[in-house]
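*Asks:* The following block contains the structure, expressed as structure tokens.
The values are calculated or read from the model by the stated rules, or taken from the named source; none is laboratory data. The structure displayed is predicted, hence computed values, not measured ones. Positions of Cβ are generated from backbone atoms using ideal geometry, with glycine treated the same way; all protein chains shown enter the neighbour counts. These accessible areas exclude ligands, DNA and RNA; they are computed on the full protein's heavy atoms, side chains included. Shrake-Rupley method; radii C 1.70, N 1.55, O 1.52, S 1.80 Å.
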Amino acid sequence: MIKGAKVRLVPAALKDRQNIYRWCFHSETTKSHSGPPDYPEIPIPSYEEFCKQYYEDYFFTGSRPKDGRGFLIMAGGEPVGFTSYSAFHLKPARAELDIWMKNEAACGKGYGTDAVQALGAFLREALAIRELIIAPAAKNTRAVRSYEKAGFVRTGRPMRDFLLEDYLSQYGDGDYGTGGTAILVKRLADPQSEGESHEKS
């Protein structure tokens, strides 16, 4: 379990995957990132496609922690959303985050901001991640603002800069195309160098 200021992140299990799919692609928040009318270029996948193309078993079993893992976002003892990291496609010491809330009632409370901050701190310590990437649709201004509150900064660097060569053709343009994807990054301090600076101060 990962503790934030407002939420706890609990490793998601395979039994949670169908609910997580529904929160993302068949809820009132879906309109913010997928499907018509605002995102006709991002079709709603079937559950089978979600399992094969988006979130394979290891995100819910913990069997490949260096590649990725998913977490339920818990607030007040109830799940309010889902967040994950993936690193299989990225250059070393980087991870890409994703997050969505289960409904509109869970939005606007700071849960998402707290969740990505807590997950970033965990990745820094557990996997020596030094740079986080998050890549929403540029027109999803609510999401962009939330990530900026969590310390992410919009960059002009293309997604291709972060990817391993084998994944350039698949992910190089971002989910929403080169002009429609907002690439935000957050640099994480090296704990050793941070400790040294505290010792000198």
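*Asks:* Might you tell me the accessible area per residue for the chain, computed with a 1.4 Å probe and given in Å²?
*Replies:* Heavy-atom SASA per residue in the chain reads 52 Å².
*Asks:* Which ³J(HN,Hα) values in Hz, rounded to whole numbers, follow from the phi angles of the stretch 149-154 under the Karplus curve 6.51 cos²θ - 1.76 cosθ + 1.60, where θ = phi - 60° and Gly and Pro get x?
*Replies:* Calculated HN-Hα couplings, in order: 5, 7, x, 7, 10, 5 Hz.
*Asks:* Which value in deg cm²/dmol, rounded to the nearest 500, describes the helix-derived mean residue ellipticity at 222 nm for the chain, given -39,500 (n - 2.57) per DSSP H run of n ≥ 4 and division by the residue count?
*Replies:* Mean residue ellipticity, 222 nm, calculated: -7500 deg cm²/dmol.
*Asks:* Tell me whether the stretch 118-182 comes out rounded, prolate or oblate; compute the Cα gyration tensor, take square roots of the eigenvalues as a ≥ b ≥ c, and use a/c under 1.5 as the rounded threshold.
*Replies:* Details: a/c = 2.49, a/b = 1.13, b/c = 2.20.
Cα axes put the stretch 118-182 in the oblate bin.
*Asks:* Under the rule of at least 5 residues apart or a separate chain, name every residue whose amide H is placed under 5 Å from the amide H of Tyr39.
*Replies:* none
*Asks:* Now a separate question. Under 27 Å from the Cα of Lys3, which lysines turn up, not counting those fewer than eight places away in the same chain?
*Replies:* Within the straight-line limit of under 27 Å, Lys3 reaches these lysines: Lys15, Lys66, Lys102, Lys109, Lys149, Lys186.
*Asks:* Could you pull out every residue, at least 5 positions away or on a different chain, whose amide H is within less than 5 Å of the one on Leu163? Hs are placed 1.01 Å off N in the peptide plane, and Pro or chain starts have none.
*Replies:* Residues meeting the criterion, in which the H sits 1.01 Å from N, are Lys91.
*Asks:* Got a number for the accessible area of Thr141? Probe 1.4 Å, square angstrom, nearest 10.
*Replies:* Approximately 80 Å² of Thr141 is accessible to the 1.4 Å probe.
*Asks:* Any idea what the dipole of the chain comes to, in debye rounded to 20, about its Cα centre with Lys/Arg Cβ at +1 and Asp/Glu Cβ at -1?
*Replies:* That gives the chain a dipole magnitude of about 500 debye.
*Asks:* Note down the net charge around Val116, summing +1 for each Lys or Arg and -1 for each Asp or Glu among other residues with Cβ under 10 Å from its Cβ.
*Replies:* On the way: positive: Lys149, Lys186; negative: Asp98, Asp114.
Value of the local net charge: 0.
*Asks:* Follow-up. With a 1.4 Å probe and every protein chain left in place, tell me how much accessible area Arg160 has, in Å² to the nearest 10.
*Replies:* Using a 1.4 Å probe on the heavy atoms, I get roughly 110 Å².
*Asks:* Using only the Cα atoms of the stretch 8-89, build the gyration tensor, take square roots of its eigenvalues as a ≥ b ≥ c, and label the shape rounded, prolate or oblate: rounded if a/c is under 1.5, else prolate if a/b is larger than b/c, else oblate.
*Replies:* oblate
*Asks:* Only one of the values [x] 56, 35, 26; [y] 47, 28, 28; [z] 55, 40, 33 was calculated from this structure for Cα extents along the principal axes in Å; name its label.
*Replies:* Answer label, from the structure shown: [z].
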